[in-house]
Amino acid sequence: METGGRARTGPPQPATPGLWRARPAGGGGGASSWLLDGNSWLLCYGFLYLALYAQVSQSKPCERTGSCFSGRCVNSTCLCDPGWVGDQCQHCQGRFKLTEPSGYLTDGPINYKYKTKCTWLIEGYGLIVPEIRGNETVPEVVTTSGYALLHFFSDAAYNLTGFNIFYSINSCPNNCSGHGKCTTSISVPSQVYCECDKYWKGEACDIPYCKANCGSPDHGYCDLTGEKLCVCNDSWQGPDCSLNVPSTESYWILPNVKPFSPSVGRASHKAVLHGKFMWVIGGYTFNYSSFQMVLNYNLESSIWNVGTLSRGPLQRYGHSLALYQENIFMYGGRIETNDGNVTDELWVFNIHSQSWSTKTPTVLGHGQQYAVEGHSAHIMELDSRDVVMIIIFGYSAIYGYTSSIQEYHICELLKNCNFFIDWECFSL
């Protein structure tokens, strides 16, 4: 009841917006009635807020912009093209078939969704995804089969920025880098290749025969008649004749390797040097149809060779190699099968006979043998003249990354008598 007035017959009114006036105690049940009315007003305001929020949240996605990323705006609502989802058709979720001579594919303009699955099939003859200069983290992909399939999926843990990929059919890598011209192949008319200018080489004509022209004329000159490389003057050395003689600096040389089949390309392989040959064993590749488990590279002639082996280990990567005399010891790695198991197999490759043999170590009672990948191996001769192979660390499918060091005794094998080995393991 207000002072000097009569009792209100309606619900209480707010004194100021957002602030309620308290009623003095007394009047019996009136206080309870007032409090009940106050709660009702609060409840009413709550419903009003929810109604306004729902009206805002239900506003049409393209009501203001009038556009959708991969669809069309109809009655202020996005109708998505096939393979796209989201209120603005901004997420891929389906299959796409691309047949245009050039174009791009993307997961969408913003971060991709959780548990996304998108597939693109590109049909053409000789597909090339050009690499953007200055973005060496994006590799160039070439296929000559006429088809390319890209499958993208995301888990429930991350939703990151995604990708944009540009493609072109029947075009040369990086447009021959401006150092050659794109030419149609005579043997396969549907394919093209880069015909490089005088001083350039490589698929994209991006590798100079003679870097910086060999510092000509003071440091050397570019010889294009033979191996096409720098011939340095007496006081200079290095692949581009830029290092003094004598030099305290180390440097890389890119040899002019003779053409070879694509089976050379691989990752997570291992290599050892024996005489004038570098032996490369195993590795990971996208296509194992023409894959060769064992290769050797002649350092003098710059030629790759493939060994003809009747039997041997399954393809694998992440293994280790260690050389002792005429034998290459290969341990562990991930076998390239459907299961992709990490193995504890021990294989020995004899260079003279170019043949494989498998060995089963005898594990000592107090020891344990770990199947690992990504480890390293080293062979050494102890003071006792015993020869051992040390396996350092690695990843185990059971124990994760391990700090254990395994010791493998090979002394009896080197005496060409009965093969006896034992295996010890200790942790740091």
State whether the residues of segment 223-234 include one that is in a strand (DSSP E or B) and in contact with a helix residue (DSSP H, G or I) (Cβ under 6 Å, 6 or more places away or on another chain).
-> yes
Where residues in segment 65-93 are assigned to a loop (DSSP other than H, G, I, E, B) and among the hydrophobic types (A, V, I, L, M, F, W, C), which of them is surrounded by the fewest Cβ atoms within 10 Å (Cβ to Cβ)?
-> F69
Count of segment 299-309 residues which are surrounded by 14 or more Cβ atoms within 10 Å (Cβ to Cβ) and either modelled with pLDDT of 90 or more or not in a strand (DSSP E or B) (or both) | 2
For segment 156-165, how many residues are open to solvent by 60 Å² or more (accessible area, probe 1.4 Å), modelled with pLDDT under 85 and not aliphatic (A, V, I, L, M)?
-> 1
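Going through Y209, Y193 one at a time, which residue ends up being open to solvent by 90 Å² or more (accessible area, probe 1.4 Å) and among the aromatic types (F, W, Y)?
Answer to the check: Y193.
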Across segment 166-182, which residue is surrounded by the fewest Cβ atoms within 10 Å (Cβ to Cβ) among those that are part of a helix (DSSP H, G or I) and of a type outside the set (G, A, S)?
-> N175
Looking at segment 117-131, which of the residues that are assigned to a loop (DSSP other than H, G, I, E, B), open to solvent by less than 90 Å² (accessible area, probe 1.4 Å) and touching a Gly at 6+ places or on another chain (Cβ under 9 Å) is modelled with the lowest pLDDT?
-> G124
Can you find a residue in segment 267-286 that is out of contact with any Lys or Arg (no Cβ under 8 Å at 6 or more places or on another chain), loosely packed, with under 13 Cβ neighbours inside 10 Å, assigned to a loop (DSSP other than H, G, I, E, B) and at pLDDT below 90?
-> yes
When (1) acidic (D, E); (2) over 22 Å from S177 (Cα atoms); (3) modelled with pLDDT under 85 are applied to E203, the one that fails is (2)
For segment 363-384, what are the residues that are within 19 Å of N327 (Cα to Cα), surrounded by fewer than 18 Cβ atoms within 10 Å (Cβ to Cβ) and either touching a residue at least 12 places away in the same chain (Cβ under 8 Å) or polar (S, T, N, Q) (or both)?
-> S376, H378, I379
Of the numbered conditions (1) closer than 30 Å to S102 by Cα; (2) at pLDDT 85 or above, H219 satisfies every one except a single condition; which is it?
-> (1)
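The rows are residues; the columns are (1) modelled with pLDDT of 50 or more; (2) in contact with a helix residue (DSSP H, G or I) (Cβ under 8 Å, 6 or more places away or on another chain); (3) open to solvent by 90 Å² or more (accessible area, probe 1.4 Å); (4) assigned to a strand (DSSP E or B).
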{"position": "L35", "(1), (2), (3), (4)": "no, no, yes, no"}
{"position": "L42", "(1), (2), (3), (4)": "no, no, yes, no"}
{"position": "L48", "(1), (2), (3), (4)": "no, no, yes, no"}
{"position": "Y53", "(1), (2), (3), (4)": "no, no, yes, no"}
{"position": "E63", "(1), (2), (3), (4)": "yes, no, yes, no"}
{"position": "R95", "(1), (2), (3), (4)": "yes, no, yes, yes"}
{"position": "Y104", "(1), (2), (3), (4)": "yes, no, yes, yes"}
{"position": "P109", "(1), (2), (3), (4)": "yes, no, no, no"}
Report yes if S427 is open to solvent by 20 Å² or more (accessible area, probe 1.4 Å), hydroxyl-bearing (S, T, Y) and modelled with pLDDT under 90, otherwise no.
-> yes
Is there a residue being modelled with pLDDT under 90, charged (D, E, K, R) and closer than 29 Å to G71 by Cα anywhere in segment 132-154?
-> no
Output the number of residues of segment 310-362 satisfying the condition of being open to solvent by 30 Å² or more (accessible area, probe 1.4 Å), in a loop (DSSP other than H, G, I, E, B), farther than 19 Å from I410 by Cα and not small (G, A, S).
-> 9
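The values are calculated or read from the model by the stated rules, or taken from the named source; none is laboratory data. Computed from a predicted structure; not experimentally measured. Virtual Cβ from ideal backbone geometry, glycine too; neighbours counted across all protein chains shown. The area values use the complete protein model at the heavy-atom level, side chains included, leaving out ligands, DNA and RNA. Shrake-Rupley method; radii C 1.70, N 1.55, O 1.52, S 1.80 Å.
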